[in-house]
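Everything on this sheet refers to the single structure shown next.
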Amino acid sequence: MKRAIALLLMLILMVPFAACGGKGEDVTGKYICVGESYFDEALEEPYEESWLELKKGGKGTYYSGFEFDLKWKLDGESFSGTVSFLGMEQAMEGTLKNGVIDVKYGDMNIRFVREGAEAPANGGADTGAANGAGTAESGTTGANDAAVVADSIGEAFRGANPFVGVPDEVLTGDWYGWIRESECWGGHAEDFKAMRGTVGYNSDTGRKYIDLYKDGVTAYPEFSMWLEESEGDVTVLPDIGDRDAWVLDTFLVEEEESLFTTTIRSDGSLYFSYECIDEGGTSGCLVEIFLRKAGAAWDEWNDTLPPDYPKPVG
């Protein structure tokens, strides 16, 4: 009888622990700022390095030019924090979901992505990564690092990074940037050059096209294809037919259209990458192209700059 009572008491004591379940997800770690804006405008690339570090016990650090003490807590997906510096405190409220922190801090909206995780493709923290958007890393960002995607093509060119002589068609016109060939094999040589080109309309067919030339090469485009796009979309889609599109010296086939879905970032820049293999299958490389509209200002702090980009004076 005593043994039965002891066993019953043991089972009763175990119930609360079983009801609690296992530990929740460990969300501690470093989160890199990938987008920020004021007054509920569309997110843009951060002006300078910024990050959050969540530590155990609800402590942490917020860095944005200076380090600030942070106290934080998480209730489900609801994230709240208090940033303090020299006796002053300011609230930071938002969500933490799938490695993405979206918060309102004063007049700012800020998005942080857990270091090493992929940035969401649009405003939803639970979406997949944008094509061409890489992982969140500390320090300045290159063209293929985590980036904020525009909600529409028109938005990408409105105010975020204005260029000279705004045209009626936001994509048509001259473009400037760079092409990089890396991760080469089979004798293909690495290369990094400035790139210039045009998005335009064919007068006979009315179809939109893009032709891009490496710096110093004007006889033929190194990249050429027909394009499809609409004002409401956030991508530039290739329209590949029979030997009418190519990258470097390799013709593309229709089945490769999906490899060239190019996301337009909120600052109006274009970036895509392609695993290029020559037609004989004997050599190849990773091709990356990053472009801004001709006349647009470059983000000299965050952008990977073209090799012929004018160096600042002084």
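The values are calculated or read from the model by the stated rules, or taken from the named source; none is laboratory data. Predicted, not measured: the structure shown is a model, and the values here were computed from it. So basically every Cβ, Gly included, is an ideal-geometry build from the backbone, and we count neighbours across all protein chains shown. These area figures cover heavy atoms from the full protein model, side chains too; ligands, DNA and RNA do not enter into them. Shrake-Rupley method; radii C 1.70, N 1.55, O 1.52, S 1.80 Å.
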Is one or more of the residues making up segment 71-86 touching a Phe, Trp or Tyr at 6+ places or on another chain (Cβ under 6 Å) and open to solvent by less than 40 Å² (accessible area, probe 1.4 Å)? yes
Filtered residues of segment 57-67 (kept if open to solvent by 60 Å² or more (accessible area, probe 1.4 Å) and either part of a strand (DSSP E or B) or basic (Lys, Arg) (or both)): LYS59, GLU67
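Which residue, of SER283, SER258, SER269, is crowded, with 21+ Cβ neighbours inside 10 Å and on the phi < 0 side of the Ramachandran plot? Steps first, answer last, please.
Values: SER283 fails: crowded, with 21+ Cβ neighbours inside 10 Å; SER258 fails: crowded, with 21+ Cβ neighbours inside 10 Å.
Going through SER283, SER258, SER269 in turn, the sole match is SER269.
Considering only residues that are of a type in the set (Ser, Thr, Tyr) and modelled with pLDDT under 70, look in segment 219-236 and name the one that is least open to solvent (accessible area, probe 1.4 Å). Talk me through it step by step, then tell me what you get.
Within segment 219-236, the subset of a type in the set (Ser, Thr, Tyr) is 220, 224, 230, 235.
Now restrict to residues that are modelled with pLDDT under 70: 230, 235.
Values: SER230: 48, THR235: 29 Å².
Among residues in segment 219-236 that are of a type in the set (Ser, Thr, Tyr) and modelled with pLDDT under 70, the one least open to solvent (accessible area, probe 1.4 Å) is THR235.
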Pick from segment 237-255 the residues that are of a type outside the set (A, V, I, L, M, F, W, C) and either within 28 Å of ALA189 (Cβ to Cβ) or in contact with a Ser or Thr (Cβ under 7 Å, 6 or more places away or on another chain) (or both): which of them is surrounded by the most Cβ atoms within 10 Å (Cβ to Cβ)? PRO238
Filtering segment 192-205 down to residues that are open to solvent by 40 Å² or more (accessible area, probe 1.4 Å), under 28 Å from the mean Cα position of the chain (by Cα) and of a type outside the set (Phe, Trp, Tyr), which residue is farthest from VAL217 (Cα to Cα)? THR198
Selection within segment 286-309 - under 17 Å from HIS188 (Cα atoms) and either out of contact with any Cys (no Cβ under 7 Å at 6 or more places or on another chain) or surrounded by fewer than 18 Cβ atoms within 10 Å (Cβ to Cβ) (or both): LEU286, GLU288
Residues in segment 68-87: is at least one free of Cβ contacts under 8 Å to residues at least 24 places away in the same chain, among the basic types (Lys, Arg) and not in a loop (DSSP other than H, G, I, E, B)? yes
Could you check, for segment 34-56, whether at least one of its residues is surrounded by fewer than 18 Cβ atoms within 10 Å (Cβ to Cβ), at pLDDT below 90 and farther than 30 Å from ASP299 by Cα? yes
